[in-house]
1. Give the residue from PRO35, GLN172, THR140 lying farthest towards the positive end of the charge dipole for the chain; charges sit on Cβ (+1 for Lys and Arg, -1 for Asp and Glu) and the dipole is referred to the Cα centre.
2. If I take every Cα pair under 8 Å that is 6 or more residues apart in the range 104-230, average their sequence separation and divide by the length, what percent do I get for the relative contact order?
3. Under 15 Å from the Cβ of ILE129, count the other residues' Cβ atoms, weight Lys and Arg +1, Asp and Glu -1, and hand me the total.
4. Rounded to the nearest 500, what is the 222 nm mean residue ellipticity of the chain from helices alone, with -39500 (n - 2.57) per DSSP H run of 4+ residues and division by all residues?
5. Restricting attention to the range 15-82, which trypsin sites (Lys or Arg not before Pro) occupy a DSSP loop and are surrounded by at most 13 other Cβ atoms within 10 Å?
6. How large is the dipole of the range 104-230 about the Cα centre if only Lys and Arg carry +1 and Asp and Glu carry -1, each at its Cβ, rounded to the nearest 20 debye?
7. Can you give me the relative contact order of the chain as a percent, contacts being Cα pairs under 8 Å and 6 or more apart?
8. By how many degrees, between 0 and 90 and to the nearest 10, does the Cα long axis of helix 2-14 differ from the longest principal axis of the chain?
Amino acid sequence: MIVAFVLVALNAQNAGTNPTISVVVTTTDLQPRIPIDSADLKLQSISVPSAYQKVFFTRVADVQGMVPLVGIVSGQAITSNDVAKPSQALGSQSEYLPIPSGYVAVTIPTSEQQGVANYVQPDDYISVIATVSIGNRIATKTIFTNLHVIKVGTQGANGSSGATSLTVVVTQCQAEVITWFLGYAALKYTLESYQDYLRSTAQSPDPACPSVNSAKGVNLQAMQAAYPTLF
């Protein structure tokens, strides 16, 4: 960053006259969009002109969890224009979503009655119930459980309370099934107990759908075979 280069030049020129302060520096190379861990940081004393001291961080805790906006090399002092809080990072510079290898994120619509009265929050786990109506026959079945919610969407129109969407982690095969049900059925969600999903939240690749290339598409016949009690 420009400020960092200016400071380096000033430090080199005025090292003997500038005050020395302890600032946060990196212990390893940091990549953009990956939240910073405390193990990647340390305090180091450097000579800084008084006018520029405010652009540096003096506590590791103030930088931990922030997102680099640019690549930061090992040993570099971190300045306020190098990083941002995840909620403040915009567009392509925002942090990576926590999607395990072999999985994808998909956004599903929600509302107060559909989504447990808006109690669903990021890092919760939900189950998905589908209701299919064919002629005079109506059937309901739980089609997915343990879906990890990683983002709760924006508020409703005209300032109304409640999110309008949930972003969940699924396989690409599950994403196809959810998309089909969104078009031809009604979906409702249940919020799972934190006492159940906190026991094991790690997601290994699904042997039945290990990558995005494993998805082969779905149709009515495939849905009837997979969920016979719904049809």
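1. THR140
2. Values: 211 pairs, mean separation 39.9, N = 127.
That works out to 31 percent.
3. Values: positive: LYS141, LYS188; negative: GLU192.
Around ILE129, the surrounding residues sum to +1.
4. Values: 4 runs with 37 residues, N = 231.
The helix contribution divided over the chain gives -4500 deg cm²/dmol.
5. Details: sites: ARG33, LYS42, LYS54, ARG59; in loops: ARG33, ARG59.
Passing sites in the range 15-82 are ARG59.
6. Numbers: 6 positive and 7 negative charges, 62 e Å.
Around 300 debye, computed over the range 104-230.
7. On the way: 427 pairs, mean separation 39.3, N = 231.
After rounding, I find 17 percent.
8. For helix 2-14, the angle is close to 20 degrees.
Just so you know, all these numbers are worked out from the coordinates, no wet-lab data involved. No experiment lies behind these values; they were computed from the predicted model shown. Using ideal geometry, Cβ is built from the backbone for each residue, glycine included, and neighbour counts are taken over all protein chains shown.
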